[in-house]
Amino acid sequence: MMVMILVGVIIVNSIINSVDPDTTWSEEANDTWADTQTYIWLGFSLVVIGIIIVAAVAILSMLRGGG
C-alpha cells in the first residue's frame, strides 16, 4: 500500500510540475489550479493518516492479545 502511495505521489508531482500556469490563464483558472493542487495533497495526507491509524490499531490489538 505504501509503495502505491509513493508511486502515486511521484506521478502526481510530475504532472503538477509539467503544468506551468502563465499570463494567458485567467484568474479563475489559476485559482482552480491552485485549489486542485491543494485538494490532491490533502487527499494523499488523509490516506497516509488513515493507514497510520489502521496500523496503530492493529499493533495495539496484537499487544492486548486480541489479534
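The values are calculated or read from the model by the stated rules, or taken from the named source; none is laboratory data. Please read these numbers as outputs of a predicted model, since none were measured by experiment. Cβ coordinates were reconstructed from backbone atoms using ideal geometry, including for glycine residues, and neighbour counts include every protein chain displayed.
Would you mind stating whether TRP33 is out of contact with any strand residue (DSSP E or B) (no Cβ under 8 Å at 6 or more places or on another chain), surrounded by 11 or more Cβ atoms within 10 Å (Cβ to Cβ), without any contact (Cβ under 8 Å) to a residue 60 or more places away in the chain and in a loop (DSSP other than H, G, I, E, B)? Outline the logic, then answer.
Numbers: out of contact with any strand residue (DSSP E or B) (no Cβ under 8 Å at 6 or more places or on another chain): yes; surrounded by 11 or more Cβ atoms within 10 Å (Cβ to Cβ): yes; without any contact (Cβ under 8 Å) to a residue 60 or more places away in the chain: yes; in a loop (DSSP other than H, G, I, E, B): no.
For TRP33, the condition - out of contact with any strand residue (DSSP E or B) (no Cβ under 8 Å at 6 or more places or on another chain), surrounded by 11 or more Cβ atoms within 10 Å (Cβ to Cβ), without any contact (Cβ under 8 Å) to a residue 60 or more places away in the chain and in a loop (DSSP other than H, G, I, E, B) - is not met.
Using beta carbons and a limit of 8 Å, which pairs, at least six apart or on different chains, have the first residue in the range 36-54 and free of Cβ contacts under 8 Å to residues at least 40 places away in the same chain and over 16 Å from LEU6 (Cβ atoms) and the second one among the basic types (Lys, Arg) and surrounded by 11 or more Cβ atoms within 10 Å (Cβ to Cβ)?
Sorted first by the residue in the range 36-54, then by its partner, the list stays empty.
Could you list, ordered by first residue, the pairs with Cβ atoms under 8 Å in which the first is in the range 3-15 and at negative phi and the second is in a helix (DSSP H, G or I), at least 6 apart or interchain?
ILE5/PHE44; ILE5/VAL47; ILE5/VAL48; ILE5/ILE51; GLY8/PHE44; VAL9/PHE44; VAL12/ILE40; VAL12/PHE44
Condition test on TRP25, is it touching a helix residue (DSSP H, G or I) at 6+ places or on another chain (Cβ under 9 Å) and either modelled with pLDDT under 90 or not in a helix (DSSP H, G or I) (or both)? If you could, list the steps in order and put the result at the bottom.
Details: touching a helix residue (DSSP H, G or I) at 6+ places or on another chain (Cβ under 9 Å): yes; either modelled with pLDDT under 90 or not in a helix (DSSP H, G or I) (or both): yes.
The answer is yes for TRP25.
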